[in-house]
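Below is one structure; the comments refer to it alone.
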């Protein structure tokens, strides 16, 4: 029996196990080949156990949140992919501090806080993804970011116990952290705590509605992974791509949106290699015409 087969048997008590699960079903792009093992977990304890089991078996591990902000290779992901649906949330006695499992929908939680009159996350009501992913990328929009409210995270250590780490130790910057820089390689976000402030629910819901309207007006609908590139200082990525002549450019069923040039979309059965070609072409043209290197916000995942 192979290490993959043994691990699949070991994980059966901790969630639903599938073999060769097409990841196109689980990404906002609608793109991605099969996962060797696809495990759905529904609490942080199962997530920690599964992550430890994969490392003990020396099997590659990828934790999937909502499937946004990633482009999965056409060949899929080797090893174990964990579908993280750990979503418990608990408020402290003040009602201002929340402890959340990392599979919590970030947008849904933000909208709930607005309804409750808790200030600090109105900017996040339209961000797809989970809280765990938001911690990794320091998710942000409309002048706000997770670093503004995050106090600490609980991490699963490779080969060791889990521990709480202060947010100040995460090196949170624009769309980045110690995770994206490889300094916390192998550590899995199990839970996070955020600190909010008292506010007015009507005002916060009105603010959220304005963000919703702006997003729906500016951004394309349909299958995409969100913003493809980080914005260089003083140069919106969409504008650079537009001025490079790539608005509406296509390759196969993949396209650069003609509504917002920093969104790359799947108009049918786009392949990851087609999206990757368009991304590389945008980088090449912008670099050659403006001397600016666009940095991807979308992560390439799997067997490229």
_Using only the Cα atoms of region 221-301, what semi-axes does the equivalent ellipsoid have when each is the square root of 5 times a gyration tensor eigenvalue? Give whole Å, largest first._
19, 12, 12
*Just report the Cα centroid separation between region 202-256 and region 51-115, whole Å.*
24 Å
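Taking R0 as 30 Å, what's the FRET efficiency between residue 91 and residue 300 from their Cβ-Cβ distance, rounded to 0.05? Walk me through the intermediate numbers first.
Numbers: r = 37 Å, r/R0 = 1.24.
After rounding, the FRET efficiency stands at 0.20.
Starting from the exponent 0.38 and prefactor 2.2 Å, build the expected Rg for region 3-84 from its residue count and divide its actual Cα Rg by it.
For region 3-84, the normalised Cα radius of gyration is 1.00.
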_How large is the translational diffusion coefficient of region 89-203 in µm² per second when you combine the Kirkwood radius over alpha carbon pairs with Stokes-Einstein at 10 °C and 1.306 mPa s?_
112 µm²/s
*Measuring from label point to label point, each 7 Å out along Cα→Cβ, what is the residue 198 to residue 9 span in nm?*
5.9 nm
*With the contact rule set at Cα under 8 Å and sequence spacing of 6 or more, what percent relative contact order holds for region 130-217?*
32 percent
*Listed peptides 274-284, 10-20 by packing density, highest first (mean Cβ within 10 Å)*: 274-284, 10-20
*Calculate, in nm to one decimal, what residue 112 and residue 218 gain on full extension: separation in residues at 0.36 nm each, minus their alpha carbon distance.*
35.8 nm
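Where does each of 142, 174 land when they are ranked from fewest to most other beta-carbon atoms within 10 angstrom? Kindly include the intermediate steps, with their values, before the conclusion.
On the way: 142 16, 174 13.
Exposure proxy ranking, most exposed first: 174, 142.
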*Can you give me the pair-distance distribution of region 170-304, C-alpha pairs, 10 Å bins, whole percents?*
10, 32, 31, 22, 5
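Helix-only estimate, please: 222 nm mean residue ellipticity of the chain, summing -39500 (n - 2.57) across DSSP H runs of length 4 or more and dividing by its residues, to the nearest 500. Mind showing how you got there, number by number?
Numbers: 7 runs with 83 residues, N = 304.
-8500 deg cm²/dmol, from helical runs alone.
Dividing the alpha-carbon radius of gyration of the chain by 2.2 N^0.38 Å (N being the number of residues), what value is obtained? Kindly include the intermediate steps, with their values, before the conclusion.
Working: Rg = 19.5 Å, N = 304, 2.2 N^0.38 = 19.3 Å.
Ratio of Cα Rg to 2.2 N^0.38 Å: 1.01.
Bear in mind that the values in this text are calculations on the coordinates, not laboratory data. Treat the numbers as computed from the prediction; the structure is a model and nothing was measured. Note that we place each Cβ from the backbone using ideal geometry, even for glycine, and neighbour counts take in every protein chain shown.
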